[in-house]
Amino acid sequence: MKIGWIGTGVMGFSMAGHIRDGGHDLFLYNRTREKAEDLVKEGGRWCVSPAEVARNAEIVFTIVGHPRDVEEVYFGEEGIVSAGGMCHTVVDMTTSKPQLALKIAEKTSEHGIASLDAPVSGGDSGAKAATLAIMVGGDKNVFKKVLPLLKLMGKEIAYMGGPGAGQHTKVCNQILVAGTMIGVCESLLYASRLGLDEQSVIDVIGKGSASSWLINNLGPKIVRDDYNPGFFVEHFIKDMGIALEEAAASDLSLPGLSLVRQLYIAVKGQGHGRMGTQALMLALRRLNGM
């Protein structure tokens with residue numbers, strides 16, 4: 001098939017590569033061409049705008065940074081909706097606002113284009129290994145048609161309901177990640193202060209009832225002071241903000257999430273916004289004079 005891909009960042013680059021490796025023609029756009037250059041060298045076709053991608057591709061995937069970027073990609077002067085062409089389905093894999101997913105579904109349908117919201121979880125490692133969890137909202141028949149392509153990128157793929165349901169499920173994911181992440185960091189902070197070998201602590205508690213993907217995968221990075229991003233701090237702040245907005249709209253109080261978001265804002269304020277989410281440890285160490 002002729003597949004369009006918009007967004008070749010930390011995760012999108014690998015995900016697009018899996019689509020190409022599945023034997024599909026790939027039409028590419030990214031704000032910074034250099035980040036897509038290796039995919040172009042390997043046979044991808046560079047496009048100068050999202051509209052050009054949509055004019056050449058049957059199905060267009062998008063995974064960009066913020067809701068404002070999603071708005072521009074879909075509704076800007078050179079956006080997908082303005083393009084015409086052969087695009088009949090769009091799949092937004094950005095973690096974005098549920099209400100924006102509803103808007104995309106409404107506006108694209110006016111142009112005869114079907115849409116899915118399909119945010120992912122698993123970070124750069126999951127993107128590279130094609131083991132992402134993908135949570136999908138939209139028309140179920142459209143989901144079934146796109147499913148073979150999603151299987152090239154993910155291992156756990158779930159249809160969650162109508163437009164916006166994928167984004168709401170990702171909100172649940174990010175709330176859980178936030179709470180778990182502070183637990184990981186505070187656990188290792190305690191181990192460090194008490195003179196325990198932090199990796200040995202991870203080896204034991206990571207196999208018991210406290211086991212989680214975060215302690216077993218990001219915990220060792222913290223021990224090594226490796227804060228390279230699998231997912232950017234600044235993007236996680238955005239995600240938690242969306243979660244708190246949605247919670248407020250439902251008269252739901254999430255005090256734990258509010259606290260963790262403030263700590264991450266402190267991490268960004270310390271100049272670490274482009275580090276990985278495990279950089280939360282840096283703010284907690286500073287709070288404790290460590």
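The values are calculated or read from the model by the stated rules, or taken from the named source; none is laboratory data. If you're wondering where the values come from, they're calculated on a predicted model, not measured in any experiment. Positions of Cβ are generated from backbone atoms using ideal geometry, with glycine treated the same way; all protein chains shown enter the neighbour counts.
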Revision key, fill the gap. Those residues of the stretch 14-56 that are among the hydrophobic types (A, V, I, L, M, F, W, C) and in contact (Cβ under 8 Å) with a residue 40 or more places away in the chain come to a total of 6
Review point. Only one residue in Val10, Val60 is farther than 19 Å from Lys128 by Cα and touching a residue at least 12 places away in the same chain (Cβ under 8 Å), so which one is that?
Key: Val60
**Study point:** Per-region count, the stretch 197-227, residues loosely packed, with under 15 Cβ neighbours inside 10 Å, part of a loop (DSSP other than H, G, I, E, B) and either modelled with pLDDT under 95 or not small (Gly, Ala, Ser) (or both)
**Key:** 5
Study note, to complete from the structure: Note on the stretch 68-98: residues among the polar types (S, T, N, Q), modelled with pLDDT of 95 or more and not in a loop (DSSP other than H, G, I, E, B) are Thr89
**Study point:** Cβ pairs under 8 Å, 6+ apart, first in the stretch 250-272 and under 15 Å from Tyr227 (Cβ atoms), second surrounded by 12 or more Cβ atoms within 10 Å (Cβ to Cβ) and among the aromatic types (Phe, Trp, Tyr)
**Key:** Tyr264/Phe236; His272/Tyr227
Check your understanding: If we keep just the residues of the stretch 118-151 that are out of contact with any helix residue (DSSP H, G or I) (no Cβ under 6 Å at 6 or more places or on another chain) and polar (S, T, N, Q), which is surrounded by the fewest Cβ atoms within 10 Å (Cβ to Cβ)?
Key -> Asn141
Exercise for review: Among the residues of the stretch 22-37, count how many are part of a helix (DSSP H, G or I) and either outside the structural domain of Lys128 (by TED's automatic domain parsing) or more than 21 Å from the chain's Cα centre (by Cα) (or both).
Suggested key: 1
Check your understanding: Hey, among the residues in the stretch 152-173 that are β-branched (Val, Ile, Thr) and touching a helix residue (DSSP H, G or I) at 6+ places or on another chain (Cβ under 9 Å), which one's farthest from Leu244 (Cα to Cα)?
Key -> Ile157
Study note, to complete from the structure: For the stretch 78-95, pairs from a residue that is of a type in the set (D, E, K, R) to a residue that is modelled with pLDDT of 95 or more, with Cβ under 6 Å and 6 or more apart or across chains, are Glu78/Ser49; Glu78/Ala51; Asp92/Thr62; Asp92/Asp117
Exercise for review: Identify, from the list Gly43, Gly17, Gly65, Gly4, the residue that is assigned to a loop (DSSP other than H, G, I, E, B) and farther than 19 Å from Glu234 by Cα.
Suggested key: Gly43
Exercise for review: State yes or no: is Val233 touching a Lys or Arg at 6+ places or on another chain (Cβ under 8 Å), crowded, with 20+ Cβ neighbours inside 10 Å, at pLDDT 95 or above and not aromatic (Phe, Trp, Tyr)?
Suggested key: yes
Study note, to complete from the structure: Among the residues of the stretch 159-186, the number that are more than 22 Å from Pro67 (Cβ to Cβ), among the small types (Gly, Ala, Ser) and either out of contact with any Gly (no Cβ under 9 Å at 6 or more places or on another chain) or surrounded by 17 or more Cβ atoms within 10 Å (Cβ to Cβ) (or both) is 1
**Study point:** Residue in the stretch 238-256 that is out of contact with any helix residue (DSSP H, G or I) (no Cβ under 7 Å at 6 or more places or on another chain), in a helix (DSSP H, G or I) and under 22 Å from Arg193 (Cβ atoms) present
**Key:** no
Practice item. For the stretch 106-187, please list each of the strands (runs of 3 or more DSSP E) lying entirely inside it that holds at least 3 residues being in contact (Cβ under 8 Å) with a residue 24 or more places away in the chain and over 20 Å from Gly12 (Cβ atoms). Key: 154-161
Practice item. Would you tally the residues in the stretch 239-290 being touching a Leu at 6+ places or on another chain (Cβ under 9 Å), among the hydrophobic types (A, V, I, L, M, F, W, C) and surrounded by 12 or more Cβ atoms within 10 Å (Cβ to Cβ)? Key: 15
